Amino acid sequence: MIIKSSTALCNDYSMISDLAHEEAEQREETLKLRAKLEAAEAARLSGAPAYTLEESRKRLEAIYRRD
């Protein structure tokens, strides 16, 4: 947390606003990632098929293979 005096807040409002927006964007990305992880864990617990790193790599290479 950054503590600023009221004078600094008035003088540097755009900087303070940018910092607040960046923090909100970071928090939103963190929440999205957490939701993805929870969905993946729920799928794993329900018995959905899991893939190793090597299997995933082979699948992606097959999809993006350029002939």
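Other residues lying with their Cβ under 14 Å from the Cβ of LEU19 contribute a combined charge of -3, Lys and Arg counting +1, Asp and Glu -1.
Would you calculate the separation in nanometres between label points at ARG34 and ARG59, each defined as 7 Å from the Cα along the Cα-to-beta-carbon direction? A separation of 2.7 nm, rounded to one decimal place. Per residue, the convex hull spanned by the Cα atoms of segment 1-63 measures out at 132 cubic angstrom.
Its DSSP H runs of at least 4 residues, each contributing -39,500 (n - 2.57), put the calculated 222 nm mean residue ellipticity of the chain at -25500 deg cm²/dmol, to the nearest 500. LYS36 sits with roughly 140 Å² accessible to a 1.4 Å probe, with DNA, RNA and ligands left out of the calculation.
The heavy atoms of THR30 offer some 80 square angstrom of accessible surface to a 1.4 angstrom probe.
Axis angle, to the nearest 10 degrees, between helix 53-64 and the longest C-alpha principal axis of the chain: 90 degrees.
The values are calculated or read from the model by the stated rules, or taken from the named source; none is laboratory data. Keep in mind the model is a prediction, meaning the values are calculated, not measured. So basically every Cβ, Gly included, is an ideal-geometry build from the backbone, and we count neighbours across all protein chains shown. Keep in mind that these areas ignore ligands, DNA and RNA; they rest on the heavy atoms of the full protein, side chains included. Shrake-Rupley method; radii C 1.70, N 1.55, O 1.52, S 1.80 Å.
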